[in-house]
Amino acid sequence: MSGRWQPALDALVQERYGALVARATLVSGSRAEAVDLVHDALVSTFAARATFGSVQQAEQYVCRAIVSRFVDGTRRRGRERHTVARLAVMTEHAVTDPDPDVLGADVVAALADLSPRERACVLLRHLDDLSVKDTAQLLGLSEGAVKRYVSDGIATLNARLGTTAAPAADAAPVHLVGREETRRDR
């Protein structure tokens, strides 16, 4: 369904797109960023289904939106850089490697061989004691996928560590401590 704004958008893009990108390039200093700015400005301008009397009026509105989006983005990136720098200073000495005494160096090394999803599922299920349902919700996966990743991950760990633990994916978690497995009831 075409609104009253559609002809203005079509005409603006056909007649003035190149000029809008050139203007945004002057504002941002980057052609790649300019294209993104123009697209964002067009979407924000016409998303509200605004009507304009002429292509020139629509272009002026989009030009203001380009500058606003650029300024907002610059401020946001500045805040993000400042926050990252503050966090880096605050946490500089707080980062530690996993304690090999907790899981055992061989388990830590074997975990590194798992795929990211297998590792996440195994750790959430067996180190953090999350249920299959909670793990699935946290990772945005189905419960079946969590069970599969846990099963595959445990199989890989068993092969790498020379163990034979094979817990059901929905059973109480096995806490890996070196080469020992202990079952903890909930």
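The values are calculated or read from the model by the stated rules, or taken from the named source; none is laboratory data. In this text the structure is predicted, and so the values were computed from the model without any measurement. Note: ideal-geometry Cβ built from the backbone for every residue, glycine included; neighbour counts use all protein chains shown. Protein only, heavy atoms only, side chains kept; ligands, DNA and RNA dropped before computing areas. Shrake-Rupley method; radii C 1.70, N 1.55, O 1.52, S 1.80 Å.
Observations
- Backbone HN-Hα couplings from phi across the range 4-11 [Karplus 6.51/-1.76/1.60, Hz, Gly and Pro as x]: 5, 7, 4, x, 5, 5, 4, 5
- Residue-normalised accessible area of the range 1-121, expressed per residue, 1.4 Å probe, Å²: 67
- Overall form of the range 1-95 per C-alpha gyration tensor (a/c, 1.5; a/b vs b/c): prolate
- Computing FRET efficiency as 1/(1 + (r/R0)^6) for residue 88 and residue 57, where r is the C-beta to C-beta distance and R0 is 41 Å, gives about 0.30.
- For the range 7-71, the carbon plus sulfur part of the accessible surface works out to 52%, probe radius 1.4 Å.
- Sequentially through the range 128-138, phi angles give Karplus couplings (6.51, -1.76, 1.60; θ = phi - 60°) of 9, 6, 7, 6, 4, 4, 5, 5, 4, 5, 5 Hz, Gly and Pro residues having no value and appearing as x.
- Environment charge at residue 160 (Cβ cut-off 9 Å; Lys +1, Arg +1, Asp -1, Glu -1): -2
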